[in-house]
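*Asks:* Sharing a structure, written as structure tokens. Questions coming.
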């Protein structure tokens, strides 16, 4: 006797809502994510193998939808301006920015990085330049855990040395 996939899916999907909320931290977005997950599961019923873990399959679908949506949102650089555009269009005032505070902060951070002990400075600078932990471990011929802890301690030292405004 084959059990109807739709029936099993809809009766066992309530476990997805807490996971959706955990991912989104917003009730409305969690509902949308839940609905899209159910929709994709129903649309891809033929890809589900009977007898496999339905929960894991649904979690994977939900996680992938969330990640894809997050990537789309991060690529969109929308500027939302709630002010009337006429004011800014017709404005003849010149706007000047004072970068003095930012300049002071950058100098302070660079000084703190230079003063880091060499054992922390080199892995931190590589990480700061965009290298992944595994790449840094290969470059420095050190274990991955050692590199992660050195970057972590470098951050802690920098936080303690740099004054926050």
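The values are calculated or read from the model by the stated rules, or taken from the named source; none is laboratory data. These figures come from a predicted structure and were not determined experimentally. For neighbour counting, all protein chains shown are included, and Cβ atoms are generated from backbone atoms with ideal geometry for every residue, glycine included.
Here is a yes/no grid of residues against (1) over 28 Å from the mean Cα position of the chain (by Cα); (2) within 14 Å of residue 66 (Cβ to Cβ); (3) part of a helix (DSSP H, G or I); (4) in contact (Cβ under 8 Å) with a residue 40 or more places away in the chain:
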site: 7; (1), (2), (3), (4): yes, no, yes, no
site: 10; (1), (2), (3), (4): yes, no, yes, no
site: 14; (1), (2), (3), (4): no, no, no, no
site: 17; (1), (2), (3), (4): no, yes, yes, no
site: 22; (1), (2), (3), (4): no, yes, yes, no
site: 30; (1), (2), (3), (4): no, yes, yes, no
site: 33; (1), (2), (3), (4): no, yes, yes, no
site: 36; (1), (2), (3), (4): no, yes, yes, no
site: 40; (1), (2), (3), (4): no, yes, yes, no
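*Asks:* Filter segment 127-143 down to the residues that are surrounded by 14 or more Cβ atoms within 10 Å (Cβ to Cβ) and in a helix (DSSP H, G or I) and list them by number.
*Replies:* Answer for segment 127-143, where residues must be surrounded by 14 or more Cβ atoms within 10 Å (Cβ to Cβ) and in a helix (DSSP H, G or I): 127, 133, 136, 137, 140.
*Asks:* Here's another thing I want to ask about it. Does segment 100-117 contain at least one residue that is at pLDDT 65 or above, closer than 30 Å to residue 141 by Cβ, in contact with a helix residue (DSSP H, G or I) (Cβ under 6 Å, 6 or more places away or on another chain) and part of a helix (DSSP H, G or I)?
*Replies:* The answer is yes; a qualifying residue exists.
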